[in-house]
Amino acid sequence: MKKEKSIFVCSECGYQSIKLLGKCPNCGKWNTFIEEFYTTDLLRKKEITQPQKLKEIEIEETPRIKTEIGEFDRVLGGGIVNKSYILVAGEPGVGKSTLLLSVCGNLVKNGYKVLYISGEESPNQIKMRSKRLGIDSEDIYILTNPEINSIKNGLEKIKPDFVIVDSIQTVYNPEIPTIPGSVTQVRENANFFMKYTKNNKCATFLVGHITKEGVVAGPKILEHIVDAVIYFEGDVRTNLRILRSIKNRFGSTNEIGVFSMEENGLVEIPDASMLFIQDIEKNVAGRTIFPTIEGTRTILVEIEGLVTPTYYGIPKRTVSGLDYNRVSLIIAVLEKKMRFNFNTYDVYVNVGGGIKVNEVGSDLAVAISCISSLKDTPPIKKCVLIGEIGLTGEIRGVENINLRLKECERLGIEKAIIPDRNKNDVSVKNIEIIPVKFLYEAVNISLNL
Ligand code: TYD
Ligand code: MG
């Protein structure tokens, strides 16, 4: 195949340029451009498909196949849909290979044919891992040569029901004159697996490594090609792992799966409600409890605030597990509406246990944590705080108030400060409900000011 022309591609975001650039105009990263060669064969294949009327299309039955790993099935929306193409992305060492090998073990046990393509481990390493995971049915086909012709041969011979590609960054097509993991290699090989998946009765999982910044290494492009994108998150220094779908053509995208990485593989944690709470009995200055909704589940999280005097003139704000801009906004409202002065203080806000909270309903808990730390006064005991803060200092309603409160009730929470708007929806009996309309009411009640 002869070279036609070369193009420069940003290895972070896939932005293309005909000239070599120092800084990417799309993602702003420096020195990320690499030269790639385009060939007519690859880009201009003729494939003519005739237009169809919607009524001529027959609905194919798509029963879901359970992996029997409940937390994984939940994130997928109830199991694997036939002919689906799924990306499992995560940082190195988080446990992607471990998870997918366990999935393979269960699928094979139920009579499915599985081909596990690994460009990262030797057959011996995979064998040792399967022993460690206690996979008893070892009829999994292993292919450790990620060269595309070897893969095509393997697929033809075995005709698997499930294909695992671990990882897409190692798959290599010798006809493309760039190295494995380059944008063109990843894109072309991912397209090959997409076509294979759609044309054959199989489902394919791609493993994708992500960089420190949290983007799937190089090719963000992968996210557009696949049917579902599942992120496997967690601090590799701890055992806790969270599986989260950020795109799912076959289900909801807000379900999470919770696991613990143990000596013999991943252990599911179906009851994660209290996992992120240290001690519900004690109340400490700077800490509040917020019941967040993750899909169909409520998880109690601790919002921690630390407010300390600034030493360098410019006050610092450090936020983890929450949206930085949202926290800045809450601090601005506290200053303007409540006359608290944060401009000579550094403010740190954190969600305990490394979980991310992505809803504005946590605003009130963030605000009270910050004031509680500033005043060095603990909030009232066994009390949750729920509510979005408006720019004028009013407390806005949240969704799923009952779902949240029912779980709080089960876990022994005694009081709940909630938006006044939501008070008529509440049906729990064993929690004292304190409805508030404005921020100052919540501050006075929760901190006894
Ligand atoms: P791995 O699945 O190889 O991660 P990834 O494919 O995402 O790079 O998991 C690697 C880590 O998990 C490694 O540090 C060892 C640990 N581990 C366990 O703690 N228990 C186990 O049973 C296994 C197989 C791995
Ligand atoms: Mg791996």
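Some points to look at:
- Subset of segment 195-214 that is more than 16 Å from ligand 1 (Cβ to nearest atom) and modelled with pLDDT under 90 - its residue that is nearest to residue 354 (Cα to Cα): 213
- On the stretch given as segment 375-417, residues that are more than 28 Å from the chain's Cα centre (by Cα) and in a strand (DSSP E or B) total 6.
- Beta carbons closer than 8 Å, at least 6 apart along the sequence or on distinct chains, pair a first residue in segment 182-204 that is part of a helix (DSSP H, G or I) with a second that is aromatic (Phe, Trp, Tyr) for 184/37; 184/38; 185/172; 189/172; 193/85; 194/85; 197/85; 198/85.
- Test: residue in segment 55-62 that is surrounded by fewer than 22 Cβ atoms within 10 Å (Cβ to Cβ), under 20 Å from the mean Cα position of the chain (by Cα) and farther than 12 Å from residue 203 by Cβ: no
- Residue that is nearest to residue 362 (Cα to Cα), among those in segment 241-276 that are in a loop (DSSP other than H, G, I, E, B) and modelled with pLDDT of 85 or more: 269
- Selection of first residues in segment 382-411 that are on the phi > 0 side of the Ramachandran plot and modelled with pLDDT of 95 or more and of second residues that are surrounded by fewer than 21 Cβ atoms within 10 Å (Cβ to Cβ) and assigned to a loop (DSSP other than H, G, I, E, B), restricted to Cβ pairs under 8 Å at least 6 apart or on distinct chains, gives the following pairs, ordered by first then second residue: 387/397.
- Residues of segment 418-437 that are surrounded by 17 or more Cβ atoms within 10 Å (Cβ to Cβ) and in a strand (DSSP E or B): 418, 419, 434, 435, 436.
- Among the residues of segment 125-134, just one is within 12 Å of ligand 2 (Cβ to nearest atom) and touching a strand residue (DSSP E or B) at 6+ places or on another chain (Cβ under 7 Å), namely 126.
- Every test in (1) touching a residue at least 40 places away in the same chain (Cβ under 8 Å); (2) of a type in the set (Gly, Ala, Ser); (3) buried (at least 18 other Cβ atoms within 10 Å of the Cβ) is passed by residue 354 save one, and that test is (3).
- Qualifying residue in segment 333-354 (condition: closer than 26 Å to residue 256 by Cα and out of contact with any strand residue (DSSP E or B) (no Cβ under 9 Å at 6 or more places or on another chain)): no
Table: residues versus (1) surrounded by fewer than 20 Cβ atoms within 10 Å (Cβ to Cβ); (2) more than 13 Å from ligand 2 (Cβ to nearest atom).
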| site | (1), (2) |
| --- | --- |
| 110 | yes, yes |
| 114 | no, yes |
| 141 | yes, yes |
| 144 | yes, no |
| 151 | no, yes |
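- The sole residue among 137, 122, 167 that is away from ligand 2 (no atom under 16 Å from the Cβ) and either exposed (fewer than 15 other Cβ atoms within 10 Å of the Cβ) or at pLDDT below 95 (or both) is 137.
- Condition check for residue 238: more than 16 Å from ligand 1 (Cβ to nearest atom), modelled with pLDDT under 90 and either over 20 Å from residue 135 (Cβ atoms) or assigned to a loop (DSSP other than H, G, I, E, B) (or both): no
- Looking at 363, 346, just one residue is part of a helix (DSSP H, G or I) and surrounded by 17 or more Cβ atoms within 10 Å (Cβ to Cβ), and that residue is 363.
- Any chance residue 335 is among the acidic types (Asp, Glu) and under 30 Å from residue 73 (Cα atoms): no
The values are calculated or read from the model by the stated rules, or taken from the named source; none is laboratory data. In this text the structure is predicted, and so the values were computed from the model without any measurement. Counting neighbours? That spans all protein chains shown, and the Cβs are built from the backbone with ideal geometry, glycine included.
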